[in-house]
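To start, the structure under review is shown below, and the notes come after it.
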Amino acid sequence: MMKKLEIVLKYLNEKRGFDFSGYRASMIERRAGKRLSASKCKDYDEYLRFIRKHPDELDNLIDVLTINVSRFFRDSLSFEYIAEKILPVIVYEKKNSDDHCLRIWSTGCSMGEEPYSIAILINEIFEKEDFNLNLNIFATDIDSMALKKAKEAVYSFESIKDVKYRLLTKYFKTQGESFRLISKIKEMVAFAFYDMLEKKSYAPSESIYGDFDVVLCRNVLIYFNTEYQDLIFDKLYRALAKHGYLVLGEVERPSMKFQTRFRKVNECCHVYQKM
Ligand SMILES: C[S@@+](CC[C@H](N)C(=O)[O-])C[C@H]1O[C@@H](n2cnc3c(N)ncnc32)[C@H](O)[C@@H]1O
């Protein structure tokens with residue numbers, strides 16, 4: 001990565017505690033470049049001076065570096081597979097065991113679209129089954145602004161455009177041009193700040209350290225180099241319960257080091273099982 005951009009990132013880390021050193025250089029350069037031109041600076045020396053003078057620019061920089069793009073039921077095939085094949089099996093197994101707690105972790109949850117999609121699917125199952133488990137859906141991100149929006153749970157059309165009409169009318173109320181998620185689903189998810197690159201813990205302390213039946217880590221790994229992907233896979237592996245499921249994004253797969261520790265459950269979607 002360009003030396004001067006590294007200095008900017010070091011400054012960002014000192015001021016806000018965001019460590020982007022493990023992110024792919026090409027991605028960082030492309031994204032930071034957008035702020036360079038937006039603030040009309042000719043190079044990163046000038047940009048650093050600009051930031052020192054206008055500390056709010058750090059928020060804009062964090063914003064472009066942490067890409068929050070998400071939507072409900074993004075990658076619909078994986079969600080259908082989870083709804084049809086994964087969740088019913090887990091619920092059935094739990095029903096017939098002493099463990100009546102279903103634990104799910106959405107890492108890099110952005111504005112909540114992903115964990116809330118799972119909450120909707122689980123609610124549908126619980127209604128049909130006439131049976132409730134203790135449910136613990138835990139969702140984390142490093143972007144505090146995104147977490148704040150997640151708790152508000154009001155979305156634009158872009159975010160809900162893949163939601164089936166029946167579910168849309170059942171779980172959202174329109175509010176002007178926006179869509180507000182109903183409280184019942186909002187209350188099913190607990191949000192917290194957690195950095196997947198943090199080296200001191202394997203999972204957020206609020207999650208009581210793991211034993212998750214399902215962990216979603218989608219469209220997060222793409223930002224990181226191999227060393228950091230390994231660090232994240234180590235966390236994901238440890239956080240999962242025995243035979244727990246890991247859901248990745250469409251272009252992601254376990255890093256080389258972890259390929260023998262996860263089994264892909266079928267060819268058409270991005271769900272893996274811990275071996
Ligand atoms: C493209 S969004 C993916 C959202 C959702 N998982 C999905 O697939 O639709 C990536 C999210 O990862 C978060 N993120 C980036 N680096 C992270 C890190 N080190 N720890 C936790 N979350 C991170 C970003 O803030 C952003 O909300």
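Laid out as a table, the results:
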read-out: Filter result for Glu57 (more than 16 Å from the ligand (Cβ to nearest atom), without any contact (Cβ under 8 Å) to a residue 40 or more places away in the chain and touching a Ser or Thr at 6+ places or on another chain (Cβ under 9 Å)); value: yes
read-out: Candidates Thr226, Thr260, filtered to the one that is in the same structural domain as Phe138 (by TED's automatic domain parsing), within 16 Å of the ligand (Cβ to nearest atom) and of a type in the set (Ser, Thr, Tyr); value: Thr226
read-out: Residue check, Tyr245 within 11 Å of the ligand (Cβ to nearest atom) and touching a residue at least 60 places away in the same chain (Cβ under 8 Å); value: no
read-out: Residues that are modelled with pLDDT under 95 and of a type in the set (Asp, Glu), drawn from region 180-224; value: Asp195, Glu198, Glu206, Asp211
read-out: Test: residue in region 159-167 that is under 26 Å from Glu84 (Cα atoms) and either of a type in the set (S, T, N, Q) or touching a Gly at 6+ places or on another chain (Cβ under 9 Å) (or both); value: yes
read-out: Long-range neighbours under 9 Å by Cβ, at least six apart or interchain, first residue among the polar types (S, T, N, Q) within region 221-238, second in a helix (DSSP H, G or I) and within 13 Å of the ligand (Cβ to nearest atom); value: Gln229/Leu221
read-out: Some residue of region 185-198 being touching a strand residue (DSSP E or B) at 6+ places or on another chain (Cβ under 7 Å), charged (D, E, K, R) and without any contact (Cβ under 8 Å) to a residue 24 or more places away in the chain; value: no
read-out: Qualifying strands (runs of 3 or more DSSP E) (wholly inside region 107-189; at least 1 residues being more than 23 Å from Leu246 (Cα to Cα) and among the aliphatic types (A, V, I, L, M)); value: 178-181
read-out: Residues that are under 18 Å from Val265 (Cα atoms) and in contact with a Phe, Trp or Tyr (Cβ under 6 Å, 6 or more places away or on another chain), drawn from region 83-103; value: Ile86
read-out: Residues of region 81-120 classified as of a type outside the set (Val, Ile, Thr) and under 20 Å from Glu158 (Cα atoms), total; value: 11
read-out: Scan of region 132-148 for residues that are buried (at least 19 other Cβ atoms within 10 Å of the Cβ) and among the polar types (S, T, N, Q), ordered by number; value: Thr140
read-out: Number of the condition not met by Arg218 [criteria: (1) surrounded by fewer than 22 Cβ atoms within 10 Å (Cβ to Cβ); (2) closer than 23 Å to Lys151 by Cβ]; value: (1)
read-out: Meets criteria (in contact with a Phe, Trp or Tyr (Cβ under 9 Å, 6 or more places away or on another chain), surrounded by fewer than 21 Cβ atoms within 10 Å (Cβ to Cβ), touching a residue at least 12 places away in the same chain (Cβ under 8 Å) and closer than 20 Å to Met188 by Cβ) for Asn123; value: yes
read-out: Flag if Cys268 is in contact (Cβ under 8 Å) with a residue 60 or more places away in the chain, surrounded by fewer than 18 Cβ atoms within 10 Å (Cβ to Cβ) and either within 21 Å of Ile122 (Cβ to Cβ) or away from the ligand (no atom under 12 Å from the Cβ) (or both); value: yes
read-out: Any chance Glu114 is touching a residue at least 24 places away in the same chain (Cβ under 8 Å), within 14 Å of the ligand (Cβ to nearest atom) and on the phi < 0 side of the Ramachandran plot; value: yes
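The values are calculated or read from the model by the stated rules, or taken from the named source; none is laboratory data. The structure presented is a predicted model; accordingly, all values stated were derived computationally and were not measured. Note that each Cβ is placed from the backbone with ideal geometry, even for glycine, and that neighbours are counted across all protein chains shown.
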